Each structure stands twice: as C-alpha cells, then as structure tokens.
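Undergrad: Here's a structure for you.
The values are calculated or read from the model by the stated rules, or taken from the named source; none is laboratory data. Just so you know, these numbers come straight off a predicted model, no measurement behind them. Note that each Cβ is placed from the backbone with ideal geometry, even for glycine, and that neighbours are counted across all protein chains shown.
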Amino acid sequence: MISDEVFLDFAVEGASDPARPAAAAPVGPLAFSLGGLSKSCGLPQLKLAWIAVGGDARVAAEASQRLELIADTYLSVGTPVQLALPRLLESGARAAERIGERLRRNLAALDRVLARIPGTARLPVEGGWSAVLRIGAAVRGGDLALELLETADVLVQPGWFFDFEEEDAVVVSLLPLPADFDEGLARLAGALA
C-alpha cells in the first residue's frame with residue numbers, strides 16, 4: 001500500500017479517530033507512507049521528502065534497503081536543506097500551526113456563506129488545504145468554475161479535476177488570506193444566487 005500523507009498534519013475538522021501513518025502498522029501488508037517539508041512545514045520551495053516503510057518486518061527491511069539504493073542513486077537531498085533541517089522543522093511547526101488556524105477560520109467562513117445558499121453543501125474536510133462543495137444540480141461544476149473565473153475573477157476547480165464523478169462538485173482552496181477568501185466567497189455566493 002502506498003499512502004500519500006503530505007496533508008496528515010492538517011486534520012482541519014478534528015477527526016474523532018486521528019489518522020495514523022499507513023506505515024505505522026508493524027504487521028500486515030507492505031506499506032509506504034509518503035511525506036515532505038513542502039506541506040507539513042509549509043515550505044514548498046525546499047525539496048525534502050521521506051518514505052516510511054511498515055508492515056511485515058522482513059519484507060519492510062528488504063524494501064527499505066531497495067529504497068535506500070534508489071534514493072542514494074537518483075533522489076539525493078541537497079546539502080543546504082539537510083544542514084538546515086533541524087531549524088526548518090522547528091520553524092515549520094510554527095508555520096503549520098498558523099496554516100491550520102487559517103484553514104479552520106476560512107472553513108468556518110465558508111460554512112456561514114453556504115448556510116445561506118439553498119441547495120449547496122460541503123463534504124467533510126478530513127485533511128488538506130481545500131474543501132469540496134456540492135453546488136446543486138442546476139449548475140455544473142466545470143461551468144461554474146469557468147463563469148467565476150471569467151466574470152468574477154475567482155478561481156475554483158471543477159470536481160472532475162480531482163476525479164469526482166458528480167458534475168455539481170467544485171473544489172475551493174482554504175489557503176487564501178482571510179480578506180481575499182471572504183471576497184471570493186461573496187463573489188461565489190453572488191454567482192450561485
């Protein structure tokens with residue numbers, strides 16, 4: 001099992017059962033948990049990532065040896081990032097905390113706006129930096145995304161961009177500055193009204 005866990009630190013709505021890395025299981029199938037500084041510490045410009053290996057100890061040890069060879073041969077980490085890692089993790093933890101606060105703030109603002117728009121709903125935000133909206137059958141997500149971009153200067157992604165089959169899904173980033181997010185919400189609400 002390969003689990004992309006770059007957003008594991010951002011459980012926005014506080015799940016009742018906190019997520020565990022897939023590789024945390026000491027037995028079971030071979031599991032790889034992927035992570036990196038770009039999301040966990042809010043440092044997209046610094047490239048340092050990791051793969052944790054779990055599952056059956058013998059199989060995991062063999063997989064780790066093979067990954068080490070691949071990483072040493074093809075995926076070497078830059079020396080400046082390696083040397084700065086302790087301080088990056090320290091400052092990154094503070095940045096991740098601020099990102100989490102912004103995500104929760106913007107999600108609450110989104111919920112207040114959606115409560116006033118009949119036929120709209122939001123899927124649970126289990127983690128990550130975005131929210132999936134269901135805008136009702138009257139408008140297709142792709143059409144709304146184009147309309148918002150062309151007429152209101154607001155960017156949302158159509159759900160199909162994230163493999164949602166429902167045509168009324170759009171994906172909204174929760175990362176913008178609060179003032180910008182609120183302005184975008186007002187324009188989104190106007191388009192849906």
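Undergrad: When you scan segment 142-193, how many residues do you find that are over 30 Å from Ala96 (Cα atoms) and either part of a helix (DSSP H, G or I) or in contact with a strand residue (DSSP E or B) (Cβ under 6 Å, 6 or more places away or on another chain) (or both)? Don't jump to the end; show me each part of the working.
TA: From segment 142-193, those over 30 Å from Ala96 (Cα atoms) are 142-144, 146-147, 150-152, 165-168, 190-193; that's our starting set.
Filter once more, so that each one left must be either part of a helix (DSSP H, G or I) or in contact with a strand residue (DSSP E or B) (Cβ under 6 Å, 6 or more places away or on another chain) (or both): 142-144, 146-147, 150-152, 168, 190-192.
The qualifying residues number 12.
Undergrad: Quick one: Ser64 ticks every box in (1) polar (S, T, N, Q); (2) in contact with a Ser or Thr (Cβ under 9 Å, 6 or more places away or on another chain); (3) not in a loop (DSSP other than H, G, I, E, B) except a single one, so which number is it?
TA: Tallying (1) polar (S, T, N, Q); (2) in contact with a Ser or Thr (Cβ under 9 Å, 6 or more places away or on another chain); (3) not in a loop (DSSP other than H, G, I, E, B), Ser64 fails exactly one: (2).
Undergrad: State yes or no: is Val12 modelled with pLDDT under 85, touching a helix residue (DSSP H, G or I) at 6+ places or on another chain (Cβ under 6 Å) and either under 30 Å from Pro178 (Cβ atoms) or not in a helix (DSSP H, G or I) (or both)? Working first, answer last.
TA: Values: modelled with pLDDT under 85: yes; touching a helix residue (DSSP H, G or I) at 6+ places or on another chain (Cβ under 6 Å): yes; either under 30 Å from Pro178 (Cβ atoms) or not in a helix (DSSP H, G or I) (or both): yes.
The answer is yes for Val12.
Undergrad: For segment 68-83, name all the residues that are of a type outside the set (A, V, I, L, M, F, W, C), in contact (Cβ under 8 Å) with a residue 24 or more places away in the chain and either not assigned by TED's automatic domain parsing to the domain that holds Leu34 or not in a helix (DSSP H, G or I) (or both). Walk me through how you get there before you give the answer.
TA: Let us first name the residues in segment 68-83 that are of a type outside the set (A, V, I, L, M, F, W, C), namely 68, 72-74, 76, 78-80, 82.
Next, from what is left, pick out any that are in contact (Cβ under 8 Å) with a residue 24 or more places away in the chain: 78, 82.
The answer is Gly78, and nothing else.
Undergrad: While we're looking at this one, here's another question. Find the residue count for segment 119-131, including only residues that are part of a strand (DSSP E or B), within 18 Å of Arg102 (Cβ to Cβ) and not polar (S, T, N, Q). Please lay out each step first, then the result.
TA: Here is the first cut: in segment 119-131, the residues part of a strand (DSSP E or B) are 121-122, 130-131.
Restricting the remaining residues to those that are within 18 Å of Arg102 (Cβ to Cβ) gives 122, 130-131.
Cutting the leftovers down to not polar (S, T, N, Q) gives us 122, 131.
The number of residues fulfilling the criteria is 2.
Undergrad: Now, a different point. Tally up the residues in segment 139-164 that are farther than 27 Å from Ser3 by Cβ and out of contact with any helix residue (DSSP H, G or I) (no Cβ under 9 Å at 6 or more places or on another chain), please.
TA: Selection size over segment 139-164: 5.
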